[in-house]
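The values are calculated or read from the model by the stated rules, or taken from the named source; none is laboratory data. From a predicted model like this one, the values you see are computed outputs, not experimental measurements. So basically every Cβ, Gly included, is an ideal-geometry build from the backbone, and we count neighbours across all protein chains shown.
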Amino acid sequence: MALKMVKGSIDRMFDKNLQDLVRGIRNHKEDEAKYISQCIDEIKQELKQDNIAVKANAVCKLTYLQMLGYDISWAAFNIIEVMSASKFTFKRIGYLAASQSFHEGTDVIMLTTNQIRKDLSSPSQYDTGVALTGLSCFVTPDLARDLANDIMTLMSHTKPYIRKKAVLIMYKVFLKYPESLRPAFPRLKEKLEDPDPGVQSAAVNVICELARRNPKNYLSLAPLFFKLMTSSTNNWVLIKIIKLFGALTPLEPRLGKKLIEPLTNLIHSTSAMSLLYECVNTVIAVLISLSSGMPNHSASIQLCVQKLRILIEDSDQNLKYLGLLAMSKILKTHPKSVQSHKDLILQCLDDKDESIRLRALDLLYGMVSKKNLMEIVKKLMTHVDKAEGTTYRDELLTKIIDICSQSNYQYITNFEWYISILVELTRLEGTRHGHLIAAQMLDVAIRVKAIRKFAVSQMSALLDSAHLLASSTQRNGICEVLYAAAWICGEFSEHLQEPHHTLEAMLRPKVTTLPGHIQAVYVQNVVKLYASILQQKEQAGEAEGAQAVTQLMVDRLPQFVQSADLEVQERASCILQLVKHIQKLQAKDVPVAEEVSALFAGELNPVAPKAQKKVPVPEGLDLDAWINEPLSDSESEDERPRAVFHEEEQRRPKPRPSEADEEELARRREARKQEQANNPFYIKSSPSPQKRYQDAPGVEHIPVVQIDLSVPLKVPGLPMSDQYVKLEEERRHRQKLEKDRRRKKRKEKEKKGKRRHSSLPTESDEDIAPAQQVDIITEEMPENALPSDEDDKDPNDPYRALDIDLDKPLADSEKLPIQKHRNAETSKSPEKDVPVVEKKSKKPKKKEKKHKEKERDKEKKKEKEKKAEDLDFWLSTTPPPAPAPAPAPVPSTEELSVNAVTAPKDEYEDAKTEARGEEDDAEGQDQDKKSPKHKKKKHKKEKEERIKGKKKSKKQPPGSEEAAGEPVQNGAPEEEQLPPESSYSLLAENSYVKMTCDIRGSLQEDSQVTVAIVLENRSSSILKGMELSVLDSLNARMARPQGSSVHDGVPVPFQLPPGVSNEAQYVFTIQSIVTAQKLKGTLSFIAKNDEGATHEKLDFRLHFSCSSYLITTPCYSDAFAKLLESGDLSMSSVKVDGIRMSFQNLLAKICFHHHFSVVERVDSCASMYSRSIQGHHVCLLVKKGGDSVSVDGKCSDSTLLSSLLEEMKATLAKC
Amino acid sequence: MIKAILIFNNHGKPRLSKFYQPYSEDTQQQIIRETFHLVSKRDENVCNFLEGGLLIGGSDNKLIYRHYATLYFVFCVDSSESELGILDLIQVFVETLDKCFENVCELDLIFHVDKVHNILAEMVMGGMVLETNMNEIVTQIDAQNKLEKSELYLQHLWGSRKEGGRTKTSLLQAGLAGAPARAVSAVKNMNLPEIPRNINIGDISIKVPNLPSFK
């Protein structure tokens, strides 16, 4: 009701809100643009007002207009104003507008830095969330640099909602500011094991995205991902991880071997098609990466193909599509397995869905062999005829050409057939790909010498029917074919049967309607034809005939001279003059043919792409040296050429020492020749032209082409390619019979020769010899050119910057810039404590720095080695992924401490901010911003202490002797400021050692807690050989290394020099958590000093309070209310008198010691929530009246509740 | 990565456009037009994947779309996303819209594009999938709506209490600028008992249940 009132008033107040705008636009369909420009004027007025609500409304409308395509960059500043509103409602509008319209070019974007930082550290999670969401869309390199540290801090926020957003946005930050990747990576890695599945999935997402671009840097994470893959049940996460593995396997074949089994299991077990599909994909990737030495890999391939066939046969078009897509991947390496499904794929060609047809076409590309090429193309040709849409038909056309021309016409056995296919394709109307067909015709005619005669006859037929082509397809690309036809007829005119006829065809007036560039080719080639006709006539002594041809030229050429196209005009007038001159000479009976043909003597050879680039620099030529002294620098023009040269220089492959070069090349050439010579079906290339010059007498040895006479050379009119299919079949049949005869004799020989090269055509292919022994002229390459494919890499790839080695130790210079001053809000506050705290935390840092650095280096080095070893070990073929056996004998501890070692790097500098974050959470739920500052301060100290404690222990990696030798100096000051409360409680102490411990539960393990015991050496002796023995109870037992008995002690994985403390972690399994537990234990150790060594003991009692089974879990008030209403909870209460502490501090204490979070707070009444590791909900209502406090509790387990309340009573009594 | 998310109706009118790469407004419109052109001419019972959004970079990208009544939901993604996964995400998106708008129809999207954006922001962030659990998304959206509502409600209460004499319009104009934080909590507390009844949330357990198995 109230909301309605507000809405009503808003409606009245503003001229228009978003809904009105939308309605207005819909009502002004005719003059929409005018109406909108009017609205924009109104918006501009609204933006001028001071009222933030009016502004927000205006910005909201602008966002809508932006979607309709209106530029709203002029309002960027107003958007920032709305972003900085204190109300979430408006802030959200502002950030949305910014995310839609800001980009790197927005100049005011730098003004947002502080506002965003403020929002990121806001106590309200939604302010932070909305800022993160907005930032993810418009983050710039500057913003990324300035905010990287703040966002990194948020990755450890207590709320998973913030954590997952912070983790995700880090990817964007990395992209814009690659320097942040190394410092942030350890934390990102930690998030892979976050208790919240959302955060975990976000971290997987980011790392997968990173690893996709630079997979080799993430190989060391493989064991971790493997663990996740086998443990996670979240399909999203699984899919991402499996995709990631697909990217990693090519780099590490051993990984593939390890993956096959679990993936196959998943394929068999999962019901989710998406997961199945990704598994198949990755298995394919694995199989591609593995050499064929894998024993059972044919089984895996079969499994994949089988599953894919099921997908393709499914009625769901999506599955069909994906099945085909994956099939095409298998095709690349295992064509045989796919070829057996040819029927299925051909069937898909008839599918009504174009996407599926296209995919099937892709598959066909890889399925062709010498044997079935004709058949497949025939099928495709019938599709071309049927195809209704031009796009699909064009696609078919290009596919046909692709299929036939792939790997240097490998599968074509009969080029006459191919030429006739090309000619048939020219009948397609309205295709865009005339130039493709033309290019193929040219290529084939130039490179396959044997086919020239046939090609020329076909082309002249095409030219003859040119009027058809030109008239009906003037506007579309098919006339491009004439370009090729004209050129071929001209260049190879010696093969023409009736050159005169063709000449006339090319000089028809209709030709002038063709596009300019084609006419130009016509003109040029007419002369070639003319030259060859002249020669013929002169040789035959027909002077009149020659003159008649000249006359024809003189008569017809003027039509080209008049052409509007410059090229045509110029060529035509040139040639016209030439022909006129010839005419004069002919009149005098001078023989001219020789000279005219000399104009076109010599042969044109195809040049390989990139050939120019690969010309090696001759010895002694320095392209960078100036030929002339450069002019004075003052002229700016000088700079440019230099830059150009410089660039060129970089791209060029560096000339290697010439001797080695030639030797190597010679060797390679020889090897290649050998290989080709051994392959009877390799189509031999003619010697390269350079060679030919060298051994000119060898020209006669070029194999003379044997044209199969069963193929009629003269095809009347346009040929039908179909006839070739039949002919081919007959031919093959003959050949086969002949071969069978021969085979008996050569059986043994052939056996030897079969397995030579993996790229050899399949066995059945080998039986088919090409119809013609054909020369394919290879493309010309400069002599000495270096074969390299590296020049394809794009230097501007943004992901290149992220190619960073993540295992290298972090240098100090790499730390993220930390903002030195706090944001505006806190600097305004009069209290002094903020800077003080900052100073405190800074001081030790400086002192520590050098010390730290040293240790870190050592640590890192070790760690790296260890990592490499770990990976190797993990990858070694032992099937079960057993935990790596490392120095420490306790597996669980070891694992934990390894994690700890990777983490600490930047934990210190974050200690402060982290403390802030956590404290935000403690208050998170109550909206009261003005919480007493001193509380904050205290809280901070505690936190810091805790982290320092952790830190201290981490400085000494377990079992590191050299680190142990160095006394840790900064231990002392911490003791002085030991706060009254710390999560570590005293366990036992004597004159040698002090034991403190902290018990932590985790949501991941519902019956395990980790006990972190800090051992501090207070004596002047070295403590070593420490062993912890704990007497298990029925309910609680310690996790011991495998094989050790209950009565054995568990060794502490480190030694303690005097004054040093370190932390050891042990895992305990708890059966029931509803009551508190006490375990008796003994620490035995050897104290060694100058006088000698003594054996000492210290007894302790480990107290597992019920609070230690609780995990701080945030809860929303509504969910909380629902929980209370549900009635499943039992209730109990407790009351404590005589409490002087403020309510705020009281709550903080409960939160801290008993792991609760505040759900809601009203004056001196608060509801709190927590959750046990076994999933019990615990709800509290804490009320304070005078100096008595009452706590009402509700819990799904009454015993747990009463134990908890007892503990709480004890805590409160101390207040 | 998701490159862009587009919603348009059967006539190609944009109902929501979210680009995770910067494009000029003109290019954006062109992309929407082109995408509509590609998608609209496809039959109902063909596959939901399309290659070759020419404008949004290269061959690596795919259009994955679903057609609901009058609206097309189109996601343009690169090869790091699972095709079936994205199809599922679209389904989750639409179901979430349906939950938040109660029987969502095109009109809801027309008039409340800002809300659709907010919902989307809880699912996809900066081109990466943030959350796929519908309950979790709805919880967050509801909590934010509640926050918004309480801010507006507070505005109203605070205004009427302090400057009761004036008209609503002026009250709000003055009041929206900067309400002291204390007032926020005061009003919120007054309003406390009502809140749980208004909003009903299914599952408070933190464990996110697995996605309903994809197709």
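Looking only at segment A:1167-1176, count how many residues are out of contact with any Leu (no Cβ under 8 Å at 6 or more places or on another chain) and crowded, with 21+ Cβ neighbours inside 10 Å. Looking only at that region, the number is 0.
A quick yes/no check of all residues on (1) touching a Cys at 6+ places or on another chain (Cβ under 6 Å); (2) of a type in the set (Phe, Trp, Tyr); (3) surrounded by fewer than 18 Cβ atoms within 10 Å (Cβ to Cβ):
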| residue | (1), (2), (3) |
| --- | --- |
| A:1178 | yes, no, no |
| A:1185 | no, no, yes |
| A:1189 | no, no, no |
| A:1193 | no, no, no |
| A:1196 | no, no, no |
| A:1213 | no, no, yes |
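Here residue A:1022 passes the criteria (1) within 29 Å of residue A:1200 (Cα to Cα); (2) out of contact with any Phe, Trp or Tyr (no Cβ under 6 Å at 6 or more places or on another chain) except the one numbered (1).
Please identify the pairs in which a residue from segment A:51-73 that is in contact (Cβ under 8 Å) with a residue 40 or more places away in the chain has its Cβ atom under 7 Å from the Cβ atom of a residue that is in a helix (DSSP H, G or I) and of a type in the set (Asp, Glu), counting only partners at least 6 apart or on another chain. Close Cβ pairs (under 7 Å, with a partner that is in a helix (DSSP H, G or I) and of a type in the set (Asp, Glu)) amount to A:54/A:46; A:57/A:46; A:60/B:114.
Only one of A:153, A:233 is facing chain B (nearest Cβ under 8 Å) and farther than 19 Å from residue B:123 by Cα; which? Result: A:233 is the single residue among A:153, A:233 that is facing chain B (nearest Cβ under 8 Å) and farther than 19 Å from residue B:123 by Cα.
Count of segment B:137-166 residues, restricted to those that are within 11 Å of chain A (Cβ to nearest Cβ) and at pLDDT 85 or above, is 13.
Against the list (1) modelled with pLDDT of 90 or more; (2) outside any helix (DSSP H, G or I), the condition residue A:29 fails is (1). Please work out which one of (1) touching a residue at least 24 places away in the same chain (Cβ under 8 Å); (2) under 30 Å from residue A:139 (Cβ atoms); (3) within 11 Å of another protein chain (Cβ to nearest Cβ) is the condition residue B:48 fails and give its number. It is condition (2) that residue B:48 fails.
Out of A:1012, A:988, one residue alone is surrounded by fewer than 19 Cβ atoms within 10 Å (Cβ to Cβ), under 20 Å from residue A:1083 (Cβ atoms) and modelled with pLDDT of 50 or more. It is A:988. Scanning segment B:15-45 for residues that are at the interface with chain A (Cβ under 8 Å from one of its Cβ atoms), in contact with a helix residue (DSSP H, G or I) (Cβ under 9 Å, 6 or more places away or on another chain), closer than 27 Å to residue A:139 by Cα and not in a strand (DSSP E or B) yields a count of 4. Give me a count of the residues in segment A:1027-1050 that are assigned to a loop (DSSP other than H, G, I, E, B) and aliphatic (A, V, I, L, M). Total satisfying the criteria: 4.
Residues in segment B:114-130 that are under 8 Å from the mean Cα position of the chain (by Cα) and facing chain A (nearest Cβ under 8 Å): B:114, B:117, B:118, B:121.
Somewhere in segment B:40-48, is a residue closer than 26 Å to residue A:272 by Cα, surrounded by 21 or more Cβ atoms within 10 Å (Cβ to Cβ) and not aromatic (Phe, Trp, Tyr)? Within segment B:40-48, one or more residues are closer than 26 Å to residue A:272 by Cα, surrounded by 21 or more Cβ atoms within 10 Å (Cβ to Cβ) and not aromatic (Phe, Trp, Tyr). Each residue in segment A:37-51 was checked for being among the aliphatic types (A, V, I, L, M) and crowded, with 21+ Cβ neighbours inside 10 Å, and 1 of them qualify.
Only a single item in (1) surrounded by fewer than 19 Cβ atoms within 10 Å (Cβ to Cβ); (2) in contact with a strand residue (DSSP E or B) (Cβ under 6 Å, 6 or more places away or on another chain) is not met by residue A:205, and it is number (1). Only residues that are more than 20 Å from residue A:205 (Cβ to Cβ) and either buried (at least 23 other Cβ atoms within 10 Å of the Cβ) or aromatic (Phe, Trp, Tyr) (or both) were counted in segment B:118-139, giving 0.
Return yes when residue A:1083 is modelled with pLDDT of 80 or more, farther than 30 Å from residue A:1196 by Cα and exposed (fewer than 15 other Cβ atoms within 10 Å of the Cβ) and no when it is not. When the stated conditions are applied, residue A:1083 does not pass them.
A count restricted to segment B:1-14 and to residues that are within 8 Å of chain A (Cβ to nearest Cβ) and part of a strand (DSSP E or B) stands at 1.
When the strands (runs of 3 or more DSSP E) confined to segment A:1123-1215 are screened for residues that are without any contact (Cβ under 8 Å) to a residue 24 or more places away in the chain, those reaching at least 1 such residues are found at A:1157-1162, A:1165-1172, A:1177-1185. State yes or no: is residue B:97 more than 10 Å from chain A (Cβ to nearest Cβ), among the hydrophobic types (A, V, I, L, M, F, W, C), buried (at least 21 other Cβ atoms within 10 Å of the Cβ) and within 12 Å of the chain's Cα centre (by Cα)? Judged against the criteria, residue B:97 is a match. In segment A:381-427, what count of residues is obtained for those that are assigned to a helix (DSSP H, G or I), hydroxyl-bearing (Ser, Thr, Tyr), touching a residue at least 40 places away in the same chain (Cβ under 8 Å) and within 19 Å of residue A:454 (Cβ to Cβ)? Counting residues in segment A:381-427 that are assigned to a helix (DSSP H, G or I), hydroxyl-bearing (Ser, Thr, Tyr), touching a residue at least 40 places away in the same chain (Cβ under 8 Å) and within 19 Å of residue A:454 (Cβ to Cβ) gives 2.
Tell me, yes or no, whether segment A:1103-1112 has at least one residue that is away from every other protein chain (no Cβ under 14 Å) and in a strand (DSSP E or B). Yes - at least one qualifying residue is present in segment A:1103-1112. Scanning segment A:1086-1112 for residues that are in contact with a Ser or Thr (Cβ under 6 Å, 6 or more places away or on another chain) and either of a type in the set (Ser, Thr, Tyr) or closer than 20 Å to residue B:136 by Cβ (or both) turns up A:1109, A:1112. All of (1) free of Cβ contacts under 8 Å to residues at least 40 places away in the same chain; (2) under 29 Å from residue A:730 (Cβ atoms) hold for residue A:368 with one exception: (1). Taking helices (runs of 4 or more DSSP H) as the structural unit, those lying wholly within segment A:224-297 and holding at least 2 residues that are without any contact (Cβ under 8 Å) to a residue 12 or more places away in the chain and under 21 Å from residue A:310 (Cα atoms) correspond to A:253-269.
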